[in-house]
Amino acid sequence: MRKIIAIAFAMLFATLQMNAQKVGYIDTEKILSAIPAYRSAQSQLESLGKQYQEEIEREYAKIETLYNNYQAQKVNMSAQARQVKENEIIQKEKAVKELQQRYFGQNGNMQAKSEQLLNPIKERVEAAIKTLAQSENYMIVFDVAAMQGVAYKDSAYDLSNRIIRYLGY
């Protein structure tokens, strides 16, 4: 399947070149890594993620301690007391899983913070790509960072450094 896609892109590229259409490519990873605000945002996100992960690990350690204490004392407890302790442990586990989902879930804090910090930068990069492509009559600009199976790319068609300069970096 990848070979077919690569062949299709190669044929499209060759056809466009024969028709004198301009085609180029960029590497968004290269562009974004050249932007200090992006690197700073990535660092903030890593720090926040580490902080959240440490909090979750502390809560799981508390649950483990609670469980170990329960196991040690279970023999001396009544059936009703055991049930109360088991429910307490289950509720604490459920609360930590909900906390983990709130931090790292699909609509969690990390996702929201990522969008807040990174989307303005990405939108600025996309606008720069569009402006350059339109002003210099590029018909297609591929992003090699998003494409799998790129077997060859000629640096003469790489617009990444021009985008970085356009953005002022």
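Taking the inverse of the mean 1/r over every pair of distinct Cα atoms in segment 60-139 gives a Kirkwood hydrodynamic radius of 16.9 Å.
Return the tail of the calculated pair distribution for the chain, meaning the percent of Cα-Cα pairs more than 25 Å apart. Result for the distance tail: 58 percent.
Under 5 Å from the amide H of residue 26 lie the amide H atoms of 142, 143, 144, 159, each residue being 5 or more positions distant or on a separate chain, with H modelled from the backbone and absent for Pro and chain starts. Computed from point charges on the beta carbon alone (+1 for Lys and Arg, -1 for Asp and Glu), the dipole magnitude for segment 2-166 about its Cα centre is near 100 Debye.
Rule-based calculations on the coordinates, nothing more; no lab input. Predicted model, so just to flag it, every value in this text is computed and none were measured. Don't worry about glycine lacking a Cβ; one is built from the backbone with ideal geometry, like all the others, and counts go over all protein chains shown.
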